[in-house]
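Report on the structure given below.
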Amino acid sequence: MAATQEEIVKGLAEIVNEIAGIPVEDVQLDKSFTDDLDVDSLSMVEVVVAAEERFDVKIPDDDVKNLKTVGDAADYILKHQA
Amino acid sequence: MTAKIKPSKGAPYARILGVGGYRPTRVVPNEEILKYIDSSDEWIRTRSGISTRHWAGPQETVAEMSVEAAGKAIADAGLTAEDVDAVLVATVSHFKQTPAIATEIAHRLGAGKPPAFDISAGCAGFTYGLTLAKGMVTEGSAKYVLVIGVERLSDLTDKEDRATAFLFGDGAGAVVVGPSDVPAIGPTVWGSEGDKAETIKQTLPWDVYRGANPEDVRFPAITQEGQAVFRWAVYEMAKVAQEALDAAGITADELDAFIPHQANMRIIDSMIKALKLPEHVAVARDIETTGNTSSASIPLAMERLLATGQAKSGDTALVIGFGAGLVYAAAVVTLP
Ligand SMILES: CC(C)(COP(=O)(O)OP(=O)(O)OC[C@H]1O[C@@H](n2cnc3c(N)ncnc32)[C@H](O)[C@@H]1OP(=O)(O)O)[C@@H](O)C(=O)NCCC(=O)NCCS
């Protein structure tokens, strides 16, 4: 069953916590991965790979660049999940 | 008529008997790299884990470094050069397509007339060679096989390319593979993904020089799509590593050491997580002071892990090579 936006943000928070050690509660819709959450370009690749597994979506490299905030990623997943 | 052919007779199993390495004398710190690219020591360390690498001087040729590393591996195995009856050299930075550098190396070592050839399998070259060597020993076409991984990647580095200038290093590593009474090299999980051939490659083929004014053509270098390769490594290669463990019937708990190709510290860290390697597993992090030496990285890292006492002879290690092709090969081995 497709995940809701709330579930996606919760999932992303867990992933970001696992990969970058950021507290789960800091991962909010308006937060930028690189500027606010200390997720650099390579950690972002890891976040994407983990999100693909978890939400059953494909996020090509070219689209990753456009996912600046947690909200961008959540919207993308919401739209593209199988 | 179909006459009866006598089969060859090999050893029941194969093992790595000795390992040796050669690191060029010149150490190149990140500061020197910064002369040519807009970057910082901090960026290079956090994105790759590299602080220094070795770059070979004019005397430290592919053949010279190989002979040095091989000599140490042969001695470590308790053998002499005459015992070696096959020489396999994995490299992408020997600049003569023919003849293979393996024959010159065999000759210079004083190995007699062994079969000798080169392997082109990028950063998986060493593990490809290890797999061939195991097959040769158990099939009976050779008793002691020398497998060398050697690179002078500084010759193929565009010093002004921000994406690669800091990554590559030079060096040689070698092992001797020989007979064993017990399994000591597990099944290899290997393959290629030619659909990703463009992600790591030499910029130009050598024949661009035919008829061209050399000043109009930039010397070929290795380029890569860093993020695509990173994604492939952390996702697909962790799976291949797990498959090699499964194929050998080994759990992560039973491992003593993990010796992945030294491509990027971040890839190594990610693989450790994906494989859920316990704390006690010694992880090769030779990249910090060696950079990415392609086919030389695994034997060099193995040699260092043993020399520093982080791992010991008889330990169980997972090795995995991956790179341009894209190609990969992973196996569980008993350390020499
Ligand atoms: C090479 C590698 C470290 C580059 O990291 P990356 O995060 O992909 O780098 P990007 O090109 O996406 O750049 C990310 C940011 O760093 C900057 N950057 C790129 N190269 C830089 C450098 N050398 N120094 C400083 N900053 C650099 C970029 O400008 C970009 O900044 P921006 O986000 O403000 O625009 C990484 O992709 C990698 O190691 N990949 C695996 C390669 C590998 O192991 N290959 C061999 C396999 S055998």
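The values are calculated or read from the model by the stated rules, or taken from the named source; none is laboratory data. Computed from a predicted structure; not experimentally measured. Cβ placement follows ideal geometry from the backbone for every residue including glycine, while neighbour counts extend to all protein chains displayed.
Consider B:Phe126 carefully, then state whether it is within 14 Å of the ligand (Cβ to nearest atom), touching a Leu at 6+ places or on another chain (Cβ under 6 Å) and not charged (D, E, K, R). Criteria not met by B:Phe126. Summed over the range B:94-146, residues that are in contact with an Asp or Glu (Cβ under 9 Å, 6 or more places away or on another chain) and among the aromatic types (Phe, Trp, Tyr) total 2. Looking only at residues in the range B:131-153 that are within 20 Å of B:Thr293 (Cα to Cα) and touching a Pro at 6+ places or on another chain (Cβ under 9 Å), the one that is farthest from the ligand (Cβ to nearest atom) is B:Leu146.
Which residue is farthest from B:Phe230 (Cα to Cα), if the candidates are limited to the range B:43-63 and must be buried (at least 17 other Cβ atoms within 10 Å of the Cβ) and among the charged types (D, E, K, R)? Filtering first and then ranking leaves B:Glu60.
This table checks each residue for (1) of a type in the set (S, T, N, Q); (2) within 16 Å of the ligand (Cβ to nearest atom); (3) surrounded by 17 or more Cβ atoms within 10 Å (Cβ to Cβ).
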residue	(1), (2), (3)
B:Gly169	no, yes, yes
B:Val176	no, no, yes
B:Val182	no, no, no
B:Gly186	no, no, yes
B:Gly191	no, yes, no
B:Ile200	no, yes, yes
B:Pro205	no, no, no
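Residues in the range B:218-273 that are more than 20 Å from the chain's Cα centre (by Cα), surrounded by 20 or more Cβ atoms within 10 Å (Cβ to Cβ) and among the charged types (D, E, K, R): 1 in all. Please enumerate the residues belonging to the range B:24-35 that are out of contact with any Ser or Thr (no Cβ under 7 Å at 6 or more places or on another chain) and either more than 16 Å from the ligand (Cβ to nearest atom) or modelled with pLDDT under 95 (or both). Selection gives B:Pro24, B:Thr25, B:Arg26. For the range B:250-266, a residue qualifies if it is more than 14 Å from chain A (Cβ to nearest Cβ) and touching a residue at least 60 places away in the same chain (Cβ under 8 Å), and the qualifying residues are B:Ile250, B:Glu254, B:Leu255, B:Asp256, B:Ala257, B:Phe258, B:Ile259, B:Pro260, B:His261.
Summed over the range B:303-336, residues that are among the charged types (D, E, K, R) and within 17 Å of the chain's Cα centre (by Cα) total 2.
Within the range B:1-20, the set of residues being part of a strand (DSSP E or B) and among the β-branched types (Val, Ile, Thr) comprises B:Ile16, B:Val19. Within the range B:220-248, residues that are of a type in the set (S, T, N, Q) sit with their Cβ atoms under 6 Å from residues that are within 13 Å of the ligand (Cβ to nearest atom) and in a helix (DSSP H, G or I), at 6+ positions apart or across chains, in these pairs: B:Gln227/A:Val45; B:Gln227/A:Asp61. The set of residues in the range B:295-307 that are among the polar types (S, T, N, Q) and more than 14 Å from B:Arg23 (Cβ to Cβ) contains only B:Ser295. Identification of strands (runs of 3 or more DSSP E) wholly contained in the range B:46-134 with 1 or more residues that are over 14 Å from the mean Cα position of the chain (by Cα), within 14 Å of chain A (Cβ to nearest Cβ) and under 30 Å from B:Val27 (Cβ atoms) yields no element.
Taken together, the residues in the range B:267-317 that are touching a residue at least 12 places away in the same chain (Cβ under 8 Å), of a type in the set (D, E, K, R) and not in a helix (DSSP H, G or I) amount to 5. Taking the range B:154-266 as the region of interest, the strands (runs of 3 or more DSSP E) fully inside it that hold 3 or more residues being in contact with a Pro (Cβ under 7 Å, 6 or more places away or on another chain) are B:170-180.
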